[in-house]
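Here the structure comes first, spelled out in structure tokens, and everything after it is commentary.
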Amino acid sequence: MPIYAYKCSACGFAKDVLQKMSDAPLTVCPSCGAASLSKQLTAAGFQLKGSGWYVTDFREGGSNTAKSGGNAPASAPASGDAAAPAPAPTPAGASPAPAAPAPAPAPAAKAD
């Protein structure tokens, strides 16, 4: 049975009533007695409960493998492209910091 929301336009009294669809709508306000009680338009309370319903079943923008028959390649971002931030620009008068000096090569071993 649906739950209907009623509101009195005379005194502002509001009430939720569990009624059959075949029942006559309420018209008399129980608070002030005026015949100004009217049904309010409300959103339906709809939930999928129980086993077999998952949050990911109807997610927007999900995988299109079901639509394309499972042949679509997975699109993964390149590992180094998006992760590395762009280097900050240096001011015109400043020079970049000097690189660390390269280590001296080890002396070659003498052949006997």
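One table, with the values for the structure above:
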item	result
Packing-based ranking, highest mean first, of 20-31, 41-52, 2-13 given that Cβ atoms within 10 Å are counted	2-13, 20-31, 41-52
Residues in segment 10-54 reached by a label modelled at M1 [backbone nitrogen below 15 Å; 7 Å Cα→Cβ]	16-26
Surrounding net charge for Y4, when Lys and Arg each add one and Asp and Glu each subtract one, Cβ distance under 12 Å	+2
Label-point separation, A14 to A43 (7 Å along Cα→Cβ), nm	1.4
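Coordinate-derived values only; no laboratory data. Being a predicted model, the structure only gives us computed values, none of them experimental. Backbone-built Cβ (ideal geometry, glycine too); neighbour counts: all protein chains shown.
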